[in-house]
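A short reminder: the numbers here are calculations on the coordinates, not readings from a lab. Note that the structure is a prediction, hence the values are computed from the model and not measured. Neighbour counts are summed over all protein chains in view; Cβ atoms, including those assigned to glycine, are modelled from backbone coordinates with ideal geometry.
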Amino acid sequence: MHPQRTAIIGGNWKMNTDRASGLALAGSIARGVQELHNAGKRVEVAVFPPFVYLPLISEALCAASSRVMLGAQDVYHAERGAFTGEISVLQLQDVGVGTVLAGHSERRHVIHEGDDQINLKVRAILHHGLRCVLCVGEKLEQRETDQTNTVNERQVRLGLRDVRPDELDRLVIAYEPVWAIGTGKVASPEDAQDAHRHIRAVLADLFGKDAAAGVRIQYGGSVTAANAAELLKQPDIDGALVGGASLKEADFMAIVRAAAQ
Ligand code: PEP
């Protein structure tokens, strides 16, 4: 983690939680984050509940005057219209969402979203002033055939096509090797750092070195309380996107505390 960049931790709840458990989880995370801020610690935290609970969690976070940002796991790029089952950036904004994931590996590989569609989402999110977390990462066979950097580079370049330099302050990249997501297999800090360094070099090529230095790159893939600190020590790892461990307050807050500067 570079001291100039504030660490950012996201909790991706995926298709988990219900009303009661989501509210309880959000409430305890809000209290934990407030304590850290009261102690003068610096860290940004976002939670990504399922769509249907966004208004409920939004109200709970607002009522607690929480510093925890509300995130959405996905979005459709159009503003409104005949797109049955989809949700627009404007609708997300309307219920208090401040940050949105684009291109999560489960969207890419289970729902089969392609880079062009992901790019439309990234542009819509940034255009409307929200923070966008663009997720990239290689599959196991790609890692085993030495394609990690090539795959990440392609996903970053295509995902960020036509993104303007003045939108970069709202961009976060999440490097999430697909083989590490939900598997208990975590990338070694060195391998993760290597991928992050390469992604930052691609950002530098696209937007210049200074702009690239300001973009935060999260690692995701089986991050736990036990491995977070070692990962976060790496100079280009600026936070974590957490799935499984984000569903337990104690585990998630231990990761948040490891990131707090
Ligand atoms: C994720 O869903 O983005 C993720 C990294 O999941 P997990 O932490 O469970 O591997």
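Answer yes or no as to whether I255 is closer than 11 Å to I8 by Cα, away from the ligand (no atom under 11 Å from the Cβ) and either touching a Leu at 6+ places or on another chain (Cβ under 7 Å) or part of a helix (DSSP H, G or I) (or both). The answer is no for I255. Among the residues in segment 208-215, are any within 16 Å of the ligand (Cβ to nearest atom), under 26 Å from E230 (Cα atoms), in contact (Cβ under 8 Å) with a residue 12 or more places away in the chain and within 17 Å of the chain's Cα centre (by Cα)? Within segment 208-215, not a single residue is within 16 Å of the ligand (Cβ to nearest atom), under 26 Å from E230 (Cα atoms), in contact (Cβ under 8 Å) with a residue 12 or more places away in the chain and within 17 Å of the chain's Cα centre (by Cα). Just one of (1) within 15 Å of the ligand (Cβ to nearest atom); (2) surrounded by fewer than 18 Cβ atoms within 10 Å (Cβ to Cβ) fails for A201. It is (1).
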